[in-house]
Amino acid sequence: MKAVFLAAGLGKRLHPITLKVPKGLIEIEGKTLLERAIESLEKYTDTEKIIFVTGHGGNLIKNKFGTDSLFLYVDNPHYEARNNIYSLYLAFPHIGDAPFLLFNSDVLFHPAILEMALENGPDTFLIIDNTKELGEEEMKVIIEGDRIRDISKALDPSLSHGEYIGISKFSRKGGMVLRRHIEDLIRKEKYEEFYEAGIRLMLDEHPVMATYTGGLPWIEIDDHRDLEEAKEMARLWDL
């Protein structure tokens, strides 16, 4: 199993903090977001390689985790102009045909969310929060019998069944199908897309299932309000 962390973004809504560090290196109660995610990853799965796709502050991520052979650093030189679809595209040659876990690096999640997903989840899944109220900004999903049938921010919140939290797993076959669609989008210069556009294209071809947060806390940290909420979450579950 490999793990990919998409960590190239600018995080403009978190200035001035992210002028100095990338979002993945923001500290939440003494540990960075990436450190927390990797601790959970190493506790609940056997990971042969952790791939960071970096851009803004990439040298700081490399300095933080060092040159251990477990870690591989992939530079996205176009991080200012292209969306995270391009970061995932750059990771695929290093993933090869291995199954992999995919993480957005700006997500704080209760460790038991990953534990439950890996213990009970199918070969290819997205972790979904089906408990929260949905709005326009969330990456929403339509689910039919635990199979994801659509994913997009543009979905009608009233017709959607949950929010993708930015953590997923792809089997060998699922990853190869996703790679083909991502590469096709890049050939068409769809650089503005989120990588979920590639997932959307594969849904009728290969089953992508939902596994759930079980109501456990998580948050995508986009702005300073999110950051304060994340700190409060971590204080509670670090006790």
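We did not get these values from a lab; they are worked out from the coordinates using the rules stated. As the structure is a computational prediction, the values presented were derived from the model and not from experiment. Cβ coordinates were reconstructed from backbone atoms using ideal geometry, including for glycine residues, and neighbour counts include every protein chain displayed.
Binning every alpha carbon pair distance of region 99-138 at 5 Å from zero, what are the percents per bin?
Final binned percentages: 5, 15, 27, 28, 17, 7, 1.
Give me the number: length gained by fully extending Ala81 to Ala98, i.e. 0.36 nm times residue separation minus the C-alpha to C-alpha distance, one decimal in nm.
Working: separation 17, 0.36 × 17 = 6.12 nm, distance 2.89 nm.
Result for the pair: 3.2 nm of gain on full extension.
Taking the alpha carbon gyration tensor of region 22-150, what are the square roots of 5 times its eigenvalues, largest first, to the nearest whole Å?
25, 18, 17
Amide H to amide H, which residues 5 or more places from Glu193 or on other chains are under 5 Å from it, using H placed in the peptide plane?
Those lying under 5 Å, H to H, from Glu193 are Asn83.
Please report the net charge: other residues with Cβ closer than 12 Å to the Cβ of Lys2, K and R +1, D and E -1.
0
Would you mind checking which residues have amide H under 5 Å from Leu155's amide H? H placed 1.01 Å from N; only 5 or more apart, or other chain.
Lys140
The chain: Rg/Rh from Cα coordinates, Kirkwood Rh? Before the final figure, lay out the partial values.
Numbers: Rg = 16.6 Å, Rh = 17.9 Å.
A ratio of 0.93.
Give me the Kirkwood hydrodynamic radius of region 18-78, using the inverse of the mean 1/r over all pairs of distinct Cα atoms, in Å to one decimal.
Working: mean 1/r = 0.0816 Å⁻¹.
Averaging 1/r across every pair of different Cα atoms and inverting gives 12.3 Å.
For region 1-51: lysine pairs with Cα atoms under 26 Å, gap of 8 or more or different chains, count?
Count of close lysine pairs: 13.
Once you list every other residue whose beta carbon is under 15 Å from the beta carbon of Gly214, what net charge do they have if Lys and Arg are +1 and Asp and Glu are -1?
The answer is -4.
So, with +1 on the Cβ of K and R and -1 on the Cβ of D and E, and no other charges, what is the size of the charge dipole of the chain about its Cα centre, to the nearest 20 debye?
700
Need one number for region 149-239: average projected area of the convex hull over its C-alpha atoms, nm².
For region 149-239, averaging the hull's shadow over all directions gives 8.0 nm².
Give the calculated FRET efficiency between Lys173 and Arg13 to the nearest 0.05, with a Förster radius of 35 Å applied to their Cβ-Cβ distance.
0.40
For region 41-54, what does the Karplus curve 6.51 cos²θ - 1.76 cosθ + 1.60, with θ = phi - 60°, yield as ³J(HN,Hα) per residue in whole Hz, taken in order and with x for Gly and Pro?
4, 6, 6, 10, 8, 9, 9, 7, 7, 10, 9, 9, 9, 10
Using amide H atoms built 1.01 Å from N in the peptide plane, name the residues 5+ places from Asp150, or on other chains, whose amide H lies under 5 Å from its own.
Here Ile142 satisfy the definition.
Using θ = phi - 60° and the Karplus relation 6.51 cos²θ - 1.76 cosθ + 1.60, list the HN-Hα couplings for region 215-223 in order, rounded to whole Hz, with x at every Gly or Pro.
After applying 6.51 cos²θ - 1.76 cosθ + 1.60, I find x, 6, x, 7, 7, 8, 9, 9, 9 Hz.
In region 1-124, with Lys and Arg counted as +1 and Asp and Glu as -1 at Cβ, which of these residues, Leu10, His110, Leu70, has the Cα nearest the positive end of the dipole, that is, farthest along it?
Positive-end residue among those listed: Leu10.
Take Met116, Met139 and order them by how many other Cβ atoms sit within 10 Å, fewest up front.
By the 10 Å Cβ count, ascending: Met116, Met139.
Under the rule a/c < 1.5 gives rounded, and otherwise a/b versus b/c splits prolate from oblate, where does region 191-239 land using the Cα gyration tensor?
In terms of gyration-tensor shape, oblate.
What number, in percent, do you get for the relative contact order of region 2-234 if the mean sequence gap of Cα pairs under 8 Å and at least 6 apart is divided by its residue count?
24
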